[in-house]
Amino acid sequence: MRQRIAVVGSGPGGLTFARVLHRHDRPVTVLERDPAPDARPPGGALDLHEGLGQRALDKAGLLAEFRALSRPEGQAMRILDPGGTVLRDWPARPDDRANPEIDRGHLRDLLLGPLDVQWGRTVTQVVPGDRDGVRVHFADGRQETYDLVVGADGAWSRVRSALTPVTPHYSGVTYVETSLDDIDTRHPDLARLVGDGSLAVYGVNRSLVAQRNSDGHVKVYAQLRAPLDRRTDPEAADTETVRSGLLALFDGWAAPLLDLLRHGTAFVRRSLYVLPVSHTWTHVPGVTLLGDAAHLMPPLGAGANLAMLEGAELAEAVAVAAPGELDATVRAFEERMWARAGRWAEFTTAGLKRLVSPDPAQALALFDEVQPS
């Protein structure tokens with residue numbers, strides 16, 4: 001008899017898990033609290049690493065389709081100082097497939113494909129140890145039972161509490177996100193400034209990053225090292241008040257850089273939370289985690305990549321496991337995941353300290369270490 005498998009969350013990790021199982025002709029239920037795929041803005045573009053996210057897509061049989069959708073030119077990177085002087089300018093090589101960019105919405109649609117996602121299914125609790133399997137409770141009062149429940153439900157995972165009491169803590173850094181639409185037509189000077197990829201400027205305990213997405217859309221992130229203070233939440237203030245506050249924080253920076261904030265259409269605060277660097281848990285039969293639910297870390301290009309590879313690897317292992325081997329298969333996956341994620345968590349935690357720090361030279365030195373010569 002085939003196992004009853006559910007994955008909670010339709011982010012890149014959960015959908016990759018489901019797509020690889022689908023490729024192996026194994027049924028899986030995808031549970032997502034959002035009422036529809038486009039219920040929320042998808043977020044900024046992702047750079048999928050050749051040995052991580054792209055490897056996962058290969059396991060799902062989607063690598064060729066990804067390459068047709070991705071933007072190798074998005075790998076371009078330019079760093080300026082607050083006065084507007086170009087410090088580094090790394091153009092993208094057209095044939096470079098190391099970390100091409102893809103919009104999150106395009107990646108979501110690619111992964112969804114033929115999957116049957118149960119939209120609007122909000123999981124409130126996961127209870128392992130039931131004689132019939134793992135019991136999943138939903139906000140509408142219903143309950144369902146599975147042999148394996150995979151928590152791919154992000155930073156504030158509801159599945160995580162079935163395994164560990166650990167919750168995310170504030171990293172000390174807050175992002176305020178805004179965006180510019182149709183930048184090539186409406187703001188051609190800013191379009192040239194940002195280029196085909198990303199632009200970054202580092203100051204004392206703050207930075208400004210602009211990232212080009214497709215169709216002339218640019219995401220802008222003001223990054224600040226500051227105490228957690230919900231009283232400054234942009235959702236509690238009008239757009240112009242937030243804009244004025246940010247412009248004051250970046251006072252003295254070059255006018256074209258401030259224009260990235262002046263022309264922003266809306267503002268959203270994102271306080272960065274993380275899990276402990278070496279977060280693990282005592283194995284519980286029938287339940288596991290992947291991605292941010294397992295190892296929430298600073299968003300420095302690793303999170304979605306790790307989640308996708310973990311989803312693909314777990315799905316491949318589960319697809320060939322006999323019913324009596326399922327628990328041992330999941331336990332072995334967790335051990336591999338913890339070791340790899342721990343290394344990335346250390347790297348990204350150290351990286352965030354250097355990118356938003358009292359010494360802007362630390363950020364430049366970090367890029368010199370990781371960018372190809």
Subset of the range 349-373, residues touching a helix residue (DSSP H, G or I) at 6+ places or on another chain (Cβ under 8 Å) and within 27 Å of Ala312 (Cα to Cα), comes to Gly351
Which of the residues belonging to the range 86-120 are open to solvent by less than 30 Å² (accessible area, probe 1.4 Å) and among the β-branched types (Val, Ile, Thr)?
Ile102, Val117
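A quick yes/no check of all residues on (1) of a type in the set (Lys, Arg); (2) over 30 Å from Ser157 (Cα atoms); (3) in contact (Cβ under 8 Å) with a residue 40 or more places away in the chain:
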position: Gly216; (1), (2), (3): no, yes, no
position: Leu247; (1), (2), (3): no, yes, no
position: Leu261; (1), (2), (3): no, yes, yes
position: Gly264; (1), (2), (3): no, yes, yes
position: His283; (1), (2), (3): no, no, yes
position: Thr288; (1), (2), (3): no, no, yes
Are any of the residues in the range 57-65 open to solvent by less than 80 Å² (accessible area, probe 1.4 Å) and among the acidic types (Asp, Glu)?
no
Within the range 280-307, considering residues that are on the phi > 0 side of the Ramachandran plot and within 9 Å of the chain's Cα centre (by Cα), the one modelled with the highest pLDDT:
Gly291
For the range 146-164, pairs from a residue that is farther than 21 Å from Leu309 by Cα and open to solvent by 10 Å² or more (accessible area, probe 1.4 Å) to a residue that is at pLDDT below 95 and among the small types (Gly, Ala, Ser), with Cβ under 6 Å and 6 or more apart or across chains, are Tyr146/Gly133; Asp147/Gly133
In the list Pro82, Pro37, Pro41, which residue meets the criterion of being part of a loop (DSSP other than H, G, I, E, B) and either on the phi > 0 side of the Ramachandran plot or free of Cβ contacts under 8 Å to residues at least 24 places away in the same chain (or both)?
Pro41
Could you check the range 49-74 and list, in sequence order, the residues that are more than 19 Å from Gly113 (Cα to Cα) and either in a loop (DSSP other than H, G, I, E, B) or out of contact with any strand residue (DSSP E or B) (no Cβ under 7 Å at 6 or more places or on another chain) (or both)?
His49, Glu50, Gly51, Leu52, Pro72, Glu73
Given the structure, is Thr329 polar (S, T, N, Q), open to solvent by 30 Å² or more (accessible area, probe 1.4 Å) and part of a helix (DSSP H, G or I)?
no
Filter the range 349-373 for residues that are within 16 Å of Leu272 (Cβ to Cβ) and surrounded by fewer than 18 Cβ atoms within 10 Å (Cβ to Cβ) and give the result.
Thr349, Ala350, Lys353
Hey, any hits in the range 34-50 for a residue that's surrounded by 14 or more Cβ atoms within 10 Å (Cβ to Cβ), at pLDDT 95 or above and more than 15 Å from Met308 (Cα to Cα)?
yes
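The values are calculated or read from the model by the stated rules, or taken from the named source; none is laboratory data. Bear in mind that the values here come from a model prediction, so they are computed numbers and not experimental data. Note that each Cβ is placed from the backbone with ideal geometry, even for glycine, and that neighbours are counted across all protein chains shown. For the accessible areas, the whole protein counts, side chains as well, though only heavy atoms, and no ligand, DNA or RNA atoms are used. Shrake-Rupley method; radii C 1.70, N 1.55, O 1.52, S 1.80 Å.
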